[in-house]
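**Student:** Sharing a structure with you now.
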Amino acid sequence: MSQLNFNYHFRDADEAPEKPAEYRRTIESGMIVERDLPIPLRDGVELCADLFRPVDEKPVPPIIAWTPYGKHVPLRPERYLDCGLNYGSVSPYTAFEAPDPLYWVGHGYAVLVVEIRGTWKSGGDALFVAPEERYDFYDVIEWAGTQPWSNGKVGLSGVSYLALMQWRVAELNPPHLAAINPWEGWTDTYREVARHGGIPDSWFWPALMRRWGAGLNKLEDLAAENSEHPFFDDYWLSKSADLEKVTTPAFVVSSWTDQGLHTRGTLKGFERISSKEKWLDIHADKKWRHYYLPDSLARLKVFFDHFLKGIDNEISQWPKVRTIVRDRNLVGTIKHEENWPLDHTDYRKLHLDAASNTLQNSLPSPAETSYAPLETDEGPHEATFDYKFEKTTELVGHMKLKLWVAAEDADDMDLFVAVQKFDFQGNEVTFPYFMQFDDGAVALGWLRVSHRELDPAQSTPHQPVLSHKQELKLKPGEIVPVEIEIWPSGTIFHPGETLRVLIQGSDVKKYDKQWAMYCRHEETVNRGRHIIYSGGDHDSHLLVPVTAEY
């Protein structure tokens, strides 16, 4: 392992594995299964893995799943209600968010599920999404690529953490790495997980720390480091992928549904990697269900067959981008494109009119509206602005909400934004959200107003990127312009249907179920009232990506 880049904080593991590592080999379900297989690293530490491979012992391509969740931990449908999976969706050999060994071994591959350093039965002290972790992953790829049961061409696959570390190790371009499949994995830990728009996540990020809390030695104390690094500094930069260094062939899968976790980063990953051979699929389903669907497996097999087995197949006819334009839950139209963002995007301004609570095609007269951001204060507790479509319109890509705002009795504001769809009868049209829910909005955005300073090097006219370098507190009565990044989405609106912008002072969706995994922001700076200004010199507007109109 390389020398630590930071003075990391460590803590004791929450629990230890029930049993020590004990290598054993069996034949099960037509597979050679090697459990607790030790894999040596360059510094002498050994990682613990399970290996599944064909019984004929012929060399095959390895697919590696790199996990902090434990190779023995399955994806339990009863733990994540309404996730779209049942016990028939995957075989009992399938680790959490990992490839199903029974499927892949049956198609002439090996599956290697590796517990990362310091977690479960692997040795050493654990770091998470850290640059040091890349070298462990590199060593495992090179080990797998040189075993007698391997054909020397290694692929990577898996969801979430199992995806995001693919970006990181591919920065190093290991010689035996032949193909990657990041299936919904963030690329910027600060902006996409820990602090949305500068607002600390109070639920999902801490929950992840608990999920990664088992091991033999020490674990990186993410809570202490999160508190110690409130702004985007070198620590958070080290937990962001250096995407331009990636040249490995890539089949990237994203969705419109992972608002607040993977949608933004996965699309940014595809956009920025330097791989000459790369494809992007964007779906509208819950991510675990979609990963294990027969059609998804068949498509991924085409990719791996080509780059890991050298098969000349239909991949040469694939469009570079395949996306879905959603109409309603799990209903939409597949579109084939050549680039992301889409080349034919027409960005248009819909101007907020605070007098009528509408969105207008032209700048209205000056007006203002206000709401109480705290639910304990007298309402209203939100501001809404509606736009009714006269033509069928497809919006695919990034939106941006520019507002002019002020706080009556506070020096800061937390703004939560949802873009919603309503049918011609006035009923909200909802979509899958995160991995469990079906009542999601079209897209979401967040901003702590003191974090409003933009990063000019990364920002574009349609995607503002915040610098998160300092706090810019509000002065009494100060009206300031802010630009809020709305995460990417793809939705069709028919004549008579309505797009609504909802603005409030807390999370748009709140769930009471303690097993629910999603982002929450409960550490608010709000008090008093929030005022929104529109029209005249205050050009508050929603910038929308029109990709088709008819």
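**Student:** Please specify each residue of segment 211-238 satisfying the condition of being under 17 Å from L466 (Cα atoms), part of a loop (DSSP other than H, G, I, E, B) and either open to solvent by less than 20 Å² (accessible area, probe 1.4 Å) or out of contact with any helix residue (DSSP H, G or I) (no Cβ under 7 Å at 6 or more places or on another chain) (or both).
**Tutor:** P230, F231, D233
**Student:** Quick check, is I39 surrounded by fewer than 22 Cβ atoms within 10 Å (Cβ to Cβ), more than 20 Å from D295 (Cα to Cα) and either touching a helix residue (DSSP H, G or I) at 6+ places or on another chain (Cβ under 7 Å) or without any contact (Cβ under 8 Å) to a residue 12 or more places away in the chain (or both)?
**Tutor:** Here the answer is yes, as I39 does meet what is asked.
**Student:** Can I ask one more? Quick one: would you say T358 is among the hydroxyl-bearing types (S, T, Y), more than 21 Å from Q504 (Cα to Cα) and modelled with pLDDT of 95 or more?
**Tutor:** In short, no.
**Student:** Where residues in segment 102-153 are of a type in the set (A, V, I, L, M) and part of a strand (DSSP E or B), which of them is farthest from I311 (Cα to Cα)?
**Tutor:** Looking at residues that are of a type in the set (A, V, I, L, M) and part of a strand (DSSP E or B), I get A126.
**Student:** Where the second residue is part of a loop (DSSP other than H, G, I, E, B) and the first is basic (K, R) and lies in segment 105-117, which pairs have Cβ atoms under 6 Å and are six or more apart or on separate chains?
**Tutor:** Every condition considered, the pairs that remain are R117/G124.
**Student:** Another question about this same structure. Criterion first (in contact with a strand residue (DSSP E or B) (Cβ under 6 Å, 6 or more places away or on another chain), touching a residue at least 12 places away in the same chain (Cβ under 8 Å) and open to solvent by 50 Å² or more (accessible area, probe 1.4 Å)) does R272 satisfy it?
**Tutor:** The answer is no for R272.
**Student:** Can you confirm whether K513 is open to solvent by 50 Å² or more (accessible area, probe 1.4 Å) and modelled with pLDDT under 95?
**Tutor:** yes
**Student:** Let me confirm something: among E382, E337, which residue is more than 19 Å from H530 (Cβ to Cβ), surrounded by fewer than 19 Cβ atoms within 10 Å (Cβ to Cβ) and either within 28 Å of the chain's Cα centre (by Cα) or free of Cβ contacts under 8 Å to residues at least 24 places away in the same chain (or both)?
**Tutor:** E337
**Student:** Can you run down the residue pairs with Cβ atoms below 6 Å, 6 or more apart or on separate chains, where the first is in segment 9-34 and at pLDDT below 95 and in a strand (DSSP E or B) and the partner is small (G, A, S) and open to solvent by less than 60 Å² (accessible area, probe 1.4 Å)?
**Tutor:** The qualifying pairs are E15/A214.
**Student:** Of everything in segment 440-454, what is more than 14 Å from R326 (Cα to Cα) and touching a residue at least 24 places away in the same chain (Cβ under 8 Å)? Give them in sequence order.
**Tutor:** L444, G445, W446, L447, R448, V449, S450, H451, R452, L454
**Student:** Let me ask something additional. Quick check on my filter: what residues within segment 237-259 are touching a residue at least 60 places away in the same chain (Cβ under 8 Å) and either of a type in the set (F, W, Y) or out of contact with any strand residue (DSSP E or B) (no Cβ under 6 Å at 6 or more places or on another chain) (or both)?
**Tutor:** Passing the criteria: S238, K239, A241, D242, L243, K245, V246, T247, F251, W256, D258.
**Student:** Out of L308, L395, L342, which single residue is within 30 Å of K153 (Cβ to Cβ) and either in contact (Cβ under 8 Å) with a residue 24 or more places away in the chain or surrounded by 18 or more Cβ atoms within 10 Å (Cβ to Cβ) (or both)?
**Tutor:** L308
**Student:** Go through segment 418-467 and report how many residues are under 22 Å from R348 (Cα atoms) and in a loop (DSSP other than H, G, I, E, B).
**Tutor:** Count: 12.
**Student:** For the structure I just gave you, tell me whether L374 is out of contact with any strand residue (DSSP E or B) (no Cβ under 7 Å at 6 or more places or on another chain), open to solvent by 20 Å² or more (accessible area, probe 1.4 Å), hydrophobic (A, V, I, L, M, F, W, C) and in contact (Cβ under 8 Å) with a residue 60 or more places away in the chain.
**Tutor:** Considered against the rule, which asks whether it is out of contact with any strand residue (DSSP E or B) (no Cβ under 7 Å at 6 or more places or on another chain), open to solvent by 20 Å² or more (accessible area, probe 1.4 Å), hydrophobic (A, V, I, L, M, F, W, C) and in contact (Cβ under 8 Å) with a residue 60 or more places away in the chain, L374 comes out as yes.
**Student:** When the residues of segment 175-204 are narrowed to those that are over 16 Å from the mean Cα position of the chain (by Cα) and part of a strand (DSSP E or B), which ends up surrounded by the fewest Cβ atoms within 10 Å (Cβ to Cβ)?
**Tutor:** Here the answer is P200.
**Student:** Let me spell it out: the conditions are (1) touching a Cys at 6+ places or on another chain (Cβ under 8 Å); (2) over 27 Å from I64 (Cα atoms), and R289 meets all of them except one. Which number is the exception?
**Tutor:** Checking R289 against (1) touching a Cys at 6+ places or on another chain (Cβ under 8 Å); (2) over 27 Å from I64 (Cα atoms), the one that fails is (2).
**Student:** While we're looking at this one, here's another question. D82: touching a residue at least 40 places away in the same chain (Cβ under 8 Å), touching a Gly at 6+ places or on another chain (Cβ under 9 Å) and part of a loop (DSSP other than H, G, I, E, B), yes or no?
**Tutor:** It is false that D82 is touching a residue at least 40 places away in the same chain (Cβ under 8 Å), touching a Gly at 6+ places or on another chain (Cβ under 9 Å) and part of a loop (DSSP other than H, G, I, E, B).
**Student:** Among residues belonging to segment 23-39 that are charged (D, E, K, R) and under 35 Å from the mean Cα position of the chain (by Cα), point out the one that is farthest from D56 (Cα to Cα).
**Tutor:** D36
The values are calculated or read from the model by the stated rules, or taken from the named source; none is laboratory data. In this text, all values refer to a predicted model and were calculated from it rather than measured experimentally. All Cβ positions, glycine included, derive from the backbone under ideal geometry; neighbour counts span all protein chains shown. Accessible surface is based on the protein model in full, side chains and every heavy atom, while ligands, DNA and RNA are left aside. Shrake-Rupley method; radii C 1.70, N 1.55, O 1.52, S 1.80 Å.
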